[in-house]
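For reference, the structure discussed in these notes is given below.
The values are calculated or read from the model by the stated rules, or taken from the named source; none is laboratory data. Source: prediction; values computed, not measured. Ideal geometry is used to build each Cβ from the backbone, glycine not excepted, and the neighbour counts take in all protein chains shown. Ligands, DNA and RNA are stripped out before the accessible areas are found, and what is left, the full protein with its side chains, is counted by its heavy atoms. Shrake-Rupley method; radii C 1.70, N 1.55, O 1.52, S 1.80 Å.
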Amino acid sequence: ETGVTQTPRHLVMGMTNKKSLKCEQHLGHNAMYWYKQSAKKPLELMFVYNFKEQTENNSVPSRFSPECPNSSHLFLHLHTLQPEDSALYLCASSQPALSLSGANVLTFGAGSRLTVL
Amino acid sequence: DAKTTQPNSMESNEEEPVHLPCNHSTISGTDYIHWYRQLPSQGPEYVIHGLTSNVNNRMASLAIAEDRKSSTLILHRATLRDAAVYYCILALDTGRRALTFGSGTRLQVQP
């Protein structure tokens, strides 16, 4: 248990479904991140939130919609996904990304394994 | 962005030390060197980080070259549980704070 909890751990959805991934942390962190890890590829940063404000969107398609209602919770809403979106989606948190220079340490959740049929 | 270069894979025997190298010849003066590892079916976990001096913690040691163009993660006694992908990452001291992961080194530990 890392302190970052992701649910569900596994999700299978059709291309026309709408689903959401949830991430929760009680580490007192104020920065939260979504990463995508496809098979045989490095982790790709998707979104960064600092104090509930989105500070980075790494050219992610609009079928992925993040939401950060407070510093402890992060969601990734999924809509009309494609089979190539099947991947492990990882949430992470840290101290505010704008306040620590280079020494920020990320704490990751175990990930949500998504399969799009 | 400054990049890191790591071997794709390494093998070690249980109970022996492991030295995982990382080259980062274009590192900037204020970039921190971070190491994370990812065990099978888990998210990455933080191992260690440093700036200029060598660092030790309960998991590993980090040896940083004097010119900072390379570093080595040292696991003093490998266990089967240390089999993982190890990522060497530069934490850029620019406006972008999120860590960028490469392909890492897959470490296999033989009993």
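For region B:21-47, a decrease in accessible area of 20 Å² or greater in the assembled protein chains relative to the isolated chain, with a 1.4 Å probe, applies to B:TYR32, B:HIS34, B:TYR36, B:GLN38, B:SER41, B:GLY43, B:PRO44, B:TYR46. Solvent-accessible area per residue in chain A equals 46 Å², computed with a 1.4 angstrom probe and all protein chains kept.
Mind grabbing the interface size between B and A? I mean buried accessible area, both sides, 1.4 Å probe, in Å² to the nearest hundred. Please list the in-between numbers first.
Numbers: alone 6400 and 6260 Å², together 11000 Å².
What B and A bury together is about 1700 Å².
For region A:12-79, the share of accessible area belonging to carbon and sulfur comes to 48 percent (1.4 Å probe, ligands and nucleic acids excluded).
For B:ARG58, A:ARG9, what's the largest-to-smallest order of accessible area, 1.4 Å probe? Don't jump to the answer; show the numbers that get you there.
Details: B:ARG58 220, A:ARG9 110 Å².
Largest to smallest exposure gives the sequence B:ARG58, A:ARG9.
Computed about the Cα centre, the dipole magnitude for chain A is approximately 320 debye when only Lys and Arg (+1) and Asp and Glu (-1) carry charge, each at its Cβ. Net charge of the neighbourhood of A:HIS77, taken over other residues with C-beta under 14 Å away and scored Lys/Arg +1, Asp/Glu -1, is +2.
Ligands, DNA and RNA left out, the 1.4 Å accessible surface of chain B is 45% carbon and sulfur atoms.
Counting Lys and Arg as +1 and Asp and Glu as -1, what is the net charge of the other residues whose Cβ lies under 15 Å from the Cβ of B:GLU14? Mind dumping the intermediate values first?
On the way: positive: B:ARG77, B:ARG81; negative: B:GLU11, B:GLU15, B:GLU16, B:ASP82.
Once all neighbours under 15 Å are counted, the net charge is -2.
Can you tell me, using C-alpha contacts under 8 Å and at least 6 residues apart, the relative contact order of chain B as a whole percent? Averaging sequence separation for qualifying contacts and normalising by length gives 36 percent for chain B.
Please report the net charge: other residues with Cβ closer than 11 Å to the Cβ of B:CYS88, K and R +1, D and E -1. Intermediate results must be reported in sequence, preceding the final value.
Details: positive: B:LYS3, B:ARG37; negative: none.
Taking every other residue near B:CYS88 into account, the sum is +2.
Placing +1 on the Cβ of every Lys and Arg and -1 on the Cβ of every Asp and Glu, with nothing else charged, gives chain B a dipole about its Cα centre of roughly 260 debye.
Put a dot 7 Å past the Cα of B:GLU15, heading toward its Cβ, do the same for B:GLN110, and the two dots end up 1.5 nm apart.
When the Cα positions of A:ASN30, A:LEU117, B:HIS24 are compared along the charge dipole of the protein assembly as shown, A:LEU117 comes out farthest toward the positive end, with charges on each C-beta of Lys, Arg, Asp and Glu. Extending 7 Å from the Cα toward the beta-carbon at both A:GLU67 and A:VAL12 defines two label points whose distance is 2.6 nm.
Taking 17 Å as the straight-line reach from the Cα of B:LYS3, the lysines in range (excluding those fewer than 8 positions away in the same chain) are A:LYS41, B:LYS69.
Rounded to the nearest 20, the size of the Cβ-charge dipole of the protein assembly as shown about its Cα centre is 540 debye, with Lys and Arg at +1 and Asp and Glu at -1. Positive-end ranking of A:ALA92, A:LEU21, A:ALA39 along the dipole of chain A, with charges on Cβ about the Cα centre, is headed by A:ALA39. Which percent, to the nearest 5, of DSSP beta bridges fully inside chain A are antiparallel? Of those bridges, close to 90 percent are antiparallel. In chain B, a dipole from Cβ-located charges (positive for Lys and Arg, negative for Asp and Glu) runs towards its positive end, and of B:LEU73, B:GLN42, B:LEU107 it is B:GLN42 whose Cα lies farthest in that direction.
Mean separation of Cα pairs under 8 Å and 6+ residues apart, divided by the residue count of chain A: what relative contact order is that in percent? Relative contact order of chain A: 37 percent.
Springs between Cα atoms under 10 Å define the GNM used for chain B, and in it the highest mean-square fluctuation of B:VAL85, B:VAL18, B:VAL55 occurs at B:VAL55. Taken along the Cα-to-beta-carbon direction at a fixed 7 Å, the label points for B:ARG77 and A:ASN58 span 3.8 nm.
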